[in-house]
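Notes for the one structure printed next.
Throughout, read-outs are computed from the coordinates displayed, never taken from laboratory work. Treat the numbers as computed from the prediction; the structure is a model and nothing was measured. Here the Cβ positions follow ideal geometry from the backbone for every residue, glycine too, while neighbour counts run over all protein chains shown.
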Amino acid sequence: MFVTRFAPSPTGFLHLGGLRTALFSYVLARSRRGKFILRIEDTDSKRTVPGAAENLASILNIFGLTYDEGPFIQSQRASIYRQHAEKLLDNDAAYRCFCSANTSADTAVKKSGGYDRRCRHISVTTITENLQKNLPYSIRLKIPEGRTSFVDLIHAKLEFANRALDDSILLKSDGLPTYHLANVVDDKLMGVTHILRGEEWIPSTPKHVLLYRAFGWEDSMPKFAHVPLLINKNGQKLSKRHSDVNEKGYLPEALLNFVGMLGFTPPISKEIWLLDDFIEHFNVCHLSKSAAIVSYDQLDRLNRLHIAHRLKSDSPLRENLVDSIRRDFLSQYNSRIQESIREIIFQNSHFIAVLLSVLPRITFIHQFPSLIASVYCLPDFSTQESSILKQTVMSAISPATSFTEISESNNSVVSCLEAVPETQWTEENLKTKLKEFAKTITERRIKYGGLMKFLRFAVTGDKTGDDLTHLMVLLGKNAVIERINICNRNW
């Protein structure tokens, strides 16, 4: 059985690289009917952010990446790591380092840029004396001579000269483990079979391989797959600060689709990838060695596609989205809603149709309320902005003609619209009737395009927007005529 894990450090919010690692680990396990584990690696107490661990677990659930076991908290497992560190001492694969108690030694280490291994060669007598004095010590890995290699599922065989590896600290003097020890021990005890992580961890992997050997676990060592770095359009490594998955308000499925394509070459062509699609088609062999460029324009495009997909689907996710948008709209525009159509806001079929009508102008969910306001809210013709816009529209229609001449003539547009039966209030029929009406006012040098500009201003209070006849159908005959009359009274 495949067992994977996602093991973030609680140092802040989840970023794009972390989300991608979680997604790949999750779908690899699910595609093989395996197990997905969440582990919180919080042994660096100085970098731990309060609440971050809970936030990480919550975010995974939001994205549908449900874990089968965990979250395991490493800071609560200190005794386990100490026991294993002691085993390494017994096997002569590690040694005690007392340098932290010696200022001059600390200085020497800092100047040299790496540990000079002075404690590796101290005598048993000295060690015993130091222990009797209760001097604090850390435990370091004893790197052997030779070379260390491993096979990476993405990068193939990788080999390192051991002389380039330092004797890393495994257990700190405060009793907490470092990443190297805790990572290896937990992966073994939790039965992890496949480790997917960023390629920045490749230099650390030889140490982990040596630890597996030192413990006698080489036969059960997990398979490694180091995924490529994420870079910006300038070729620089993507900053975690600029890749927080909580920012801007992208749909979870859009973010998953986006990060899932970073470094992954899908075996089939699909515009929208959902979590089930990744589970069905994901394979490590489709992961690239090359760095993946993060394009936020592409993320924006995917967000638009997924908003449309969710609104057009018949699922609880659509209902949640629609209810959320409706609440936001009412909280912002309740006082401006046209009372005669207030009730249709709560008719899901109508509300969804309105949302779909403004989709071409949507990138984020929070944009919906302002864009659908033209449907449900009465235009405010009393503002200075409206007065300026009115003159702009008037000039575009015909410089020599006033709106009053149009709206109050015997062949007024109101009369034209009143003559359209409710059963014929359709986009096609409205366009036909309005074109016919425009021909009757050509002596005022007003054409169909100019008439529609007037109607858009009267109905929405704006000069641009979505298809006007479609909006008129959504509003209904009585609401449209009511708005035109209000516009005439405020002219």
Calculate the dipole size of the chain relative to its Cα centre from +1 charges on Lys and Arg beta carbons and -1 charges on Asp and Glu beta carbons; express the result in debye to the nearest 20. 1080 debye
Report for the chain the percent antiparallel among DSSP-assigned beta bridges with both residues inside it, nearest 5. 55 percent
If one takes the longest principal axis of the Cα atoms in the chain, at what angle in degrees, from 0 to 90 and to the nearest 10, does the Cα axis of helix 78-90 lie? 40 degrees
How high is the relative contact order of the chain? Use alpha-carbon pairs under 8 Å, at least six apart in sequence, and give a whole percent. 12 percent
Which of the trypsin sites (Lys or Arg not before Pro) found in segment 277-329 are in a DSSP loop and have at most 15 neighbouring Cβ atoms, other than their own, within 10 Å? Lys289
Straight-line reach from Lys133: which lysines have Cα under 26 Å away, leaving out those fewer than 8 places along the same chain? Lys87, Lys110, Lys142, Lys172
Suppose a student asked you for the relative contact order of segment 13-88, using Cα pairs under 8 Å spaced at least 6 residues apart; what percent would you report? 39 percent
222 nm [θ] for the chain, helices only, -39500 (n - 2.57) per DSSP H run of 4+, per residue, to 500? -14000 deg cm²/dmol
Based on Cα coordinates alone, diagonalise the gyration tensor for segment 313-374, multiply each eigenvalue by 5, take square roots, and list the semi-axes in whole Å, largest first. 18, 14, 11
Using the scaling law 2.2 N^0.38 Å as the reference, what is the normalised Cα Rg of segment 253-354? 1.45
Hey, what did segment 123-191 get for relative contact order, percent, Cα under 8 Å, at least 6 apart? 28 percent
As I understand it, the value is the acute angle between the Cα axis of helix 427-439 and the longest principal axis of the Cα atoms of the chain; what does it come to in degrees, rounded to 10? 40 degrees
At most 15 other C-beta atoms within 10 Å and a DSSP loop state: those are the exposed GluC sites (Glu not before Pro) I care about. Give me the longest piece of the chain that has none. 1-144
Using only the alpha-carbon atoms, how far is helix 179-189 inclined from the longest principal axis of the chain? Give it as 0 to 90 degrees, nearest 10. 90 degrees
Can you give the Kirkwood hydrodynamic radius of the chain from its Cα pairs, in Å with one decimal? 27.7 Å
In segment 141-244, what trypsin sites (Lys or Arg not before Pro) fall in a loop by DSSP, with at most 12 other Cβ atoms inside 10 Å? Lys233
Pairs Lys312/Lys447; Lys207/Lys233; Lys312/Lys435; Lys312/Lys439; Lys35/Lys289: which are spaced more than 29 Å apart, C-alpha to C-alpha? Lys312/Lys447; Lys207/Lys233; Lys312/Lys435; Lys312/Lys439
Could you please report the charge total around Lys435, scoring K, R as +1 and D, E as -1 over all other residues with beta-carbon less than 14 angstrom from its beta-carbon? +1
